[in-house]
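S.K.: The structure under discussion is supplied below as structure tokens; questions concerning it will follow.
The values are calculated or read from the model by the stated rules, or taken from the named source; none is laboratory data. What you are looking at is a predicted structure, and each value in this text was computed from that prediction instead of being measured. Positions of Cβ are generated from backbone atoms using ideal geometry, with glycine treated the same way; all protein chains shown enter the neighbour counts. Just the protein is used for accessible areas: all its heavy atoms, side chains included, with ligands, DNA and RNA removed. Shrake-Rupley method; radii C 1.70, N 1.55, O 1.52, S 1.80 Å.
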Amino acid sequence: KVLLYFVLSVLSVGTALFILISLFNMPMQGAMGKIFCLVGAFLLAVEGLAGLAALYFKTRLALVQAMVFYTLPAFLLSGYIWPETGMVGIVKWISVLQPVHYALITFRALALTGTAPDYWLHTGILLSIGGLSLILLYGFLYWREGHKLSVKTVFFS
């Protein structure tokens with residue numbers, strides 16, 4: 001299911017970008033290839049971390065409720081609305097621990113100026129978070145299911 005959710009998420013972001021650019025004249029100076037590479041890395045990180053969070057909650061409703069309460073603080077602490085330079089010590093560290101921090105700051109720089117100095121660093125961080133969380137997710141599921149789980153079952157069905 002991870003692959004299906006990833007593809008649907010990329011299509012959703014692509015549709016949102018199309019609407020923002022064509023209907024609302026959002027400035028887009030950056031290359032769309034770079035933007036979609038960043039989006040793919042971000043979605044990989046988010047889906048991996050959501051998969052790990054799903055292991056903790058007993059029901060889907062509890063997971064959805066937790067994600068709703070996480071979304072607003074994550075966006076506020078991402079550095080997009082409130083600049084990172086204006087944050088105090090612990091709040092700045094909390095913002096750096098979130099994938100949305102790297103995605104939003106880099107996306108804003110790409111959209112407005114066409115370049116992002118830390119593009120490859122931030123994309124690499126997001127890919128690392130996503131890859132590590134998916135490996136951990138598979139490992140936990142493999143262990144919990146008594147070593148009867150295949151990669152195909154987790155990612156493609």
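S.K.: Can you report the number of residues in region 13-40 which are closer than 14 Å to Thr106 by Cα, hydrophobic (A, V, I, L, M, F, W, C), open to solvent by less than 60 Å² (accessible area, probe 1.4 Å) and modelled with pLDDT of 90 or more?
M.R.: 4
S.K.: Can you tell me which condition Trp93 does not meet? The list is (1) under 15 Å from Cys37 (Cα atoms); (2) modelled with pLDDT under 90, and all the others hold.
M.R.: (1)
S.K.: Then there is this: For region 93-106, which residues satisfy the criterion of being in a helix (DSSP H, G or I) and buried (at least 16 other Cβ atoms within 10 Å of the Cβ)?
M.R.: Ser95, Pro99, Val100, His101, Tyr102, Ala103, Leu104, Ile105, Thr106
S.K.: Taking Phe42, is it under 17 Å from the mean Cα position of the chain (by Cα) and assigned to a helix (DSSP H, G or I)?
M.R.: It is true that Phe42 is under 17 Å from the mean Cα position of the chain (by Cα) and assigned to a helix (DSSP H, G or I).
S.K.: If you don't mind, another one. Specify the residue that is nearest to Gly40 (Cα to Cα); the eligible residues are those in region 63-99 that are in contact (Cβ under 8 Å) with a residue 24 or more places away in the chain and among the aliphatic types (A, V, I, L, M).
M.R.: Among those that are in contact (Cβ under 8 Å) with a residue 24 or more places away in the chain and among the aliphatic types (A, V, I, L, M), it is Ala74.
S.K.: Does Ala62 qualify as being part of a helix (DSSP H, G or I), open to solvent by less than 80 Å² (accessible area, probe 1.4 Å) and at pLDDT 85 or above?
M.R.: It is true that Ala62 is part of a helix (DSSP H, G or I), open to solvent by less than 80 Å² (accessible area, probe 1.4 Å) and at pLDDT 85 or above.
S.K.: Here is a follow-up. Could you look through region 127-157, keep only residues that are at pLDDT below 80 and among the small types (Gly, Ala, Ser), and pick out the one that is surrounded by the fewest Cβ atoms within 10 Å (Cβ to Cβ)?
M.R.: Going through the qualifying residues, I end up with Gly146.
S.K.: OK, next. Residues that are outside any helix (DSSP H, G or I) and closer than 19 Å to Gly48 by Cα: does region 107-127 have at least one?
M.R.: no
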